[in-house]
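Encoded as structure tokens, the structure appears first; notes follow it.
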Amino acid sequence: MSGTVLITGCGRGLGLEFAYQYARDGWHVHACCRDLAHAEELLALEARFPDQIDLHVLDVNKDGQIKALDRVLGDTVIDVLINNAGYYGPKGVVFGGLERDLWRQVLETNTLSPLMLAQALYPRVAASRLRTLVFVSSKVGSIADNTSGAGYYYRSSKTALNQAVKSLSIDLAGAGVKVVSLHPGWVQTDMGGPNALISAEESVRGMRTLIENLDQDQSGSFLDYRGELIEW
């Protein structure tokens, strides 16, 4: 199976691995990155797969850049839109040390921006063959799984994202668009750290398999990279 995929946050980690695996397998990849000038690995990947990869500068928090991306895409249809860009925020924040502006930055990147991008590019997805919207979430957004507390900024941003994804799946069901929240696992990236349990390659391979086999009945689900259902 191949098609056209647009991925945010491709400068490193999961986004870079998504871009690599899709390009390697013959997909047309629109890889978006906030700071393309310093994304050496992504630039090298584009040089390796020049016929498969188109690079775009995109700060998902800037509506002007979202609109510019939409214009640049012309008449492109997008089979799979992967909202991967994310921001953990400062670590080690505890109750008593919460700051409104920092919290707002995390919510902006992880909750508002993925939905704004999906809203802008939705007609392209709806016109495609696979009609799939993917939101990279996190198990720490699960209320049922929260037994350790803390993580206020990141947890709340992913919990809110999951609720928005659920609503979106209901609203778009009539158009046959599949919408899903995915937990990538604890991955060895800059965010996950070196002690994480799985590689980016394993995580993305699992998520891709899930995405490519996703059916309409699974739309609105919260799944991990192995396809296992996560409690809200």
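Do we have any residue at all in the range 44-57 that's crowded, with 21+ Cβ neighbours inside 10 Å, under 24 Å from L130 (Cβ atoms) and not hydroxyl-bearing (S, T, Y)?
Looking through the range 44-57, at least one residue is crowded, with 21+ Cβ neighbours inside 10 Å, under 24 Å from L130 (Cβ atoms) and not hydroxyl-bearing (S, T, Y).
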For this session: Please specify each residue of the range 1-59 satisfying the condition of being within 23 Å of S113 (Cα to Cα) and assigned to a helix (DSSP H, G or I).
Result: G13, L14, G15, L16, E17, F18, A19, L36, A37, H38, L42
Problem set entry | Members of the range 102-121 found to be closer than 19 Å to G64 by Cα and crowded, with 18+ Cβ neighbours inside 10 Å, listed by number | L107, T109, N110, T111, S113, P114, L115, L117, A118, L121
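Quick grid of which residues meet (1) of a type in the set (V, I, T); (2) surrounded by 22 or more Cβ atoms within 10 Å (Cβ to Cβ); (3) out of contact with any strand residue (DSSP E or B) (no Cβ under 9 Å at 6 or more places or on another chain):
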| site | (1), (2), (3) |
| --- | --- |
| A127 | no, no, yes |
| L130 | no, no, no |
| G141 | no, yes, no |
| N146 | no, no, yes |
| K178 | no, yes, no |
| T189 | yes, no, yes |
| S199 | no, no, no |
| L210 | no, no, no |
| I230 | yes, no, no |
Exercise. Only one of these conditions is not met by Y153: (1) out of contact with any Ser or Thr (no Cβ under 9 Å at 6 or more places or on another chain); (2) among the aromatic types (F, W, Y); (3) surrounded by fewer than 21 Cβ atoms within 10 Å (Cβ to Cβ). Which number is it?
Worked result: (3)
Exercise. Is it the case that some residue within the range 65-79 is closer than 25 Å to E202 by Cα and surrounded by 23 or more Cβ atoms within 10 Å (Cβ to Cβ)?
Worked result: yes
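From the list S167, S181, which one is within 15 Å of the chain's Cα centre (by Cα), closer than 23 Å to S221 by Cβ and not in a loop (DSSP other than H, G, I, E, B)?
Going through S167, S181 in turn, the sole match is S181.
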For this session: Could you tell me which of the residues R48, R12 is in contact with a Ser or Thr (Cβ under 8 Å, 6 or more places away or on another chain) and among the basic types (K, R)?
Result: R12
Problem set entry | Filtered residues of the range 208-232 (kept if touching a helix residue (DSSP H, G or I) at 6+ places or on another chain (Cβ under 8 Å) and not polar (S, T, N, Q)) | R208, G220, F222, L223, D224, Y225, R226, G227, I230, W232
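So that you can scan it fast, the table gives a plain yes or no per residue for (1) β-branched (V, I, T); (2) in contact with a Leu (Cβ under 9 Å, 6 or more places away or on another chain); (3) in contact (Cβ under 8 Å) with a residue 12 or more places away in the chain:
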| position | (1), (2), (3) |
| --- | --- |
| I7 | yes, yes, yes |
| A19 | no, yes, yes |
| G26 | no, no, yes |
| K62 | no, no, no |
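Just so you know, all these numbers are worked out from the coordinates, no wet-lab data involved. Please read these numbers as outputs of a predicted model, since none were measured by experiment. Glycine also receives a Cβ, built like all others from the backbone with ideal geometry; neighbour counts cover every protein chain displayed.
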